[in-house]
Amino acid sequence: MMKPLALSLTSLLTLAACTTTETEVPVEVRIANATPAVTVAARGETTPVGTPNADAADDPAIWRNAANPAASLIVGTDKKAGLYVYGLDGKTRDFLDAGRVNNVDLRDGVAVNGQTGILVVASDRNDVANAKLALFRLDSVTAKLTALGKVDAGKGEAYGICLYKAPEATYAFIVLKDGTINQVALDASGATPTGRIVRSMKLGTQSEGCAVDDRTGILYVAEEDVGLWRFDAHATGATTPTKIAAADGKNLVMDAEGVAIAQIGAKDGYVLVSSQGDNAYVAYRLSDDAYVGRFRVVDGAIGGSEETDGIELMLGDFGPAYPGGLFIAQDGHNAAAAQNFKLVAWDEIARALNLPN
């Protein structure tokens, strides 16, 4: 067997100069060229998804059990097969065969089948020409998912999904592969869910990750090769985006992927985005869109995370292991196993980035 050629950083930089696009630059060079990042280690991980040897695990969502935070749940997608439910110990509590569901989000306190419950919505791309939203109810006691049905979400391939619980309705923002963003008003209160597209927005190229701050009514969307944007999430709001950060190869290295929000107080906090190109995560301050810092999840007692697609973050008590909040990152390389999700304590991230208490 031929020994792999060991390349110095100088050789890698020379190689990078000969390539035609940033995505062809070796990851070692992208890391070397990017703004330095602090490091943290995961405290937990989920069992691998059931699809081996494939880009399968994609996006997580968090349900926090206020009465017993350590009993909180994680919903994660295997985009080749369906939806998993995990406990904070990482063990699988449920799996529902839902086919090709890409991203997922959830909201508690929503009318579901005639009662108040937890609504889970996934972007469904079983039909790549016609986007759908797949709706589910999550039973917080049994950790089981029940399929409610699907609603139409526009022409094109479904990619990203994030929910917005507004005073007048619960909305889903579905991000199509071409950068179209449809805002869909959902009604899951009856026996069969319904949805209605209330408006559309557009980014210029392939986009996916998104998150909505319910407190302020702001939608954040990652355009993979361009950067991070924000929109007015209100159904009657303007559809013109504002750029927060460019994928400049320094602070944010394309692809810009998953998006998550750290909510602090009435309107403060941070928006985080996966800097997939150099295995990092970038934080920006909500109040003024200012760059705050970068971090990586590196090997420790549990492996680190690389080439992350979806991320999720929720502050608050999640039990002894995650007393200040929980950050979850999809791991695109889970050693020799299938892909999974890594769990990190927010307190460690905040300390590493020197964020104020």
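Taking the options Val212, Val226, name whichever one is out of contact with any helix residue (DSSP H, G or I) (no Cβ under 7 Å at 6 or more places or on another chain), open to solvent by less than 20 Å² (accessible area, probe 1.4 Å) and of a type in the set (Val, Ile, Thr).
Of Val212, Val226, the one residue that is out of contact with any helix residue (DSSP H, G or I) (no Cβ under 7 Å at 6 or more places or on another chain), open to solvent by less than 20 Å² (accessible area, probe 1.4 Å) and of a type in the set (Val, Ile, Thr) is Val212.
Given the structure, is Leu176 under 18 Å from the mean Cα position of the chain (by Cα), within 20 Å of Ile311 (Cβ to Cβ), open to solvent by less than 50 Å² (accessible area, probe 1.4 Å) and of a type outside the set (Phe, Trp, Tyr)?
For Leu176, the condition - under 18 Å from the mean Cα position of the chain (by Cα), within 20 Å of Ile311 (Cβ to Cβ), open to solvent by less than 50 Å² (accessible area, probe 1.4 Å) and of a type outside the set (Phe, Trp, Tyr) - is not met.
For (1) among the aromatic types (Phe, Trp, Tyr); (2) over 16 Å from Val344 (Cβ atoms), each residue gets a yes or a no:
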{"site": "Val49", "(1), (2)": "no, yes"}
{"site": "Trp63", "(1), (2)": "yes, yes"}
{"site": "Asn68", "(1), (2)": "no, yes"}
{"site": "Leu73", "(1), (2)": "no, yes"}
{"site": "Tyr86", "(1), (2)": "yes, no"}
{"site": "Thr92", "(1), (2)": "no, yes"}
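Taking Phe295 as meeting all but one of (1) open to solvent by 10 Å² or more (accessible area, probe 1.4 Å); (2) over 15 Å from the mean Cα position of the chain (by Cα); (3) of a type in the set (Phe, Trp, Tyr), write down the number of the exception.
(1)
Would you pick out the residues in the stretch 244-275 that are within 21 Å of Ala329 (Cα to Cα) and among the small types (Gly, Ala, Ser)?
Of everything in the stretch 244-275, those that are within 21 Å of Ala329 (Cα to Cα) and among the small types (Gly, Ala, Ser) turn out to be Ala245, Ala247, Gly249, Ala256, Gly258, Ala260, Ala262, Gly269, Ser274, Ser275.
Any residue in the stretch 40-56 that is within 16 Å of Gly310 (Cα to Cα) sitting within a Cβ distance under 8 Å of a residue that is aliphatic (A, V, I, L, M) and surrounded by fewer than 16 Cβ atoms within 10 Å (Cβ to Cβ)? List the pairs, counting only those 6 or more apart or interchain.
Pro48/Ala337
Filter the stretch 65-80 down to residues that are in contact with a Ser or Thr (Cβ under 6 Å, 6 or more places away or on another chain) and either among the small types (Gly, Ala, Ser) or part of a strand (DSSP E or B) (or both), then give me how many there are.
Final tally of qualifying residues: 1.
Considering Gly293, Gly265, which residue is without any contact (Cβ under 8 Å) to a residue 12 or more places away in the chain and either within 20 Å of Ala42 (Cα to Cα) or not charged (D, E, K, R) (or both)?
When all the criteria are applied, what remains is Gly265.
Here are some conditions: (1) within 17 Å of the chain's Cα centre (by Cα); (2) surrounded by fewer than 20 Cβ atoms within 10 Å (Cβ to Cβ); (3) among the polar types (S, T, N, Q). Asn354 meets all but one. Which one does it not meet?
With (1) within 17 Å of the chain's Cα centre (by Cα); (2) surrounded by fewer than 20 Cβ atoms within 10 Å (Cβ to Cβ); (3) among the polar types (S, T, N, Q) applied to Asn354, the lone miss is (1).
Among the residues of the stretch 192-206, is any touching a residue at least 12 places away in the same chain (Cβ under 8 Å), surrounded by 24 or more Cβ atoms within 10 Å (Cβ to Cβ) and under 23 Å from Ile118 (Cβ atoms)?
Within the stretch 192-206, none of the residues are touching a residue at least 12 places away in the same chain (Cβ under 8 Å), surrounded by 24 or more Cβ atoms within 10 Å (Cβ to Cβ) and under 23 Å from Ile118 (Cβ atoms).
Would you mind stating whether Phe341 is more than 15 Å from Tyr84 (Cβ to Cβ) and either in contact with a Ser or Thr (Cβ under 9 Å, 6 or more places away or on another chain) or open to solvent by less than 20 Å² (accessible area, probe 1.4 Å) (or both)?
Answer is no for this residue.
Give me the strands (runs of 3 or more DSSP E) completely within the stretch 81-161, filtered to those with at least 2 residues that are open to solvent by 20 Å² or more (accessible area, probe 1.4 Å), ordered by residue number.
92-97, 101-112, 115-124, 130-138, 145-155
Just name the residue that is farthest from the chain's Cα centre (by Cα) out of those in the stretch 137-173 that are closer than 28 Å to Leu88 by Cα and among the basic types (Lys, Arg).
Looking at residues that are closer than 28 Å to Leu88 by Cα and among the basic types (Lys, Arg), I get Lys144.
Among the residues of the stretch 47-64, is any open to solvent by 80 Å² or more (accessible area, probe 1.4 Å), at pLDDT 95 or above and in a loop (DSSP other than H, G, I, E, B)?
Scanning the stretch 47-64 turns up no residue that is open to solvent by 80 Å² or more (accessible area, probe 1.4 Å), at pLDDT 95 or above and in a loop (DSSP other than H, G, I, E, B).
The values are calculated or read from the model by the stated rules, or taken from the named source; none is laboratory data. Given the structure is predicted, the values throughout are model-derived calculations rather than measurements. Note: ideal-geometry Cβ built from the backbone for every residue, glycine included; neighbour counts use all protein chains shown. Side chains are part of the model used for accessible areas, which takes the heavy atoms of the whole protein and leaves out ligands, DNA and RNA. Shrake-Rupley method; radii C 1.70, N 1.55, O 1.52, S 1.80 Å.
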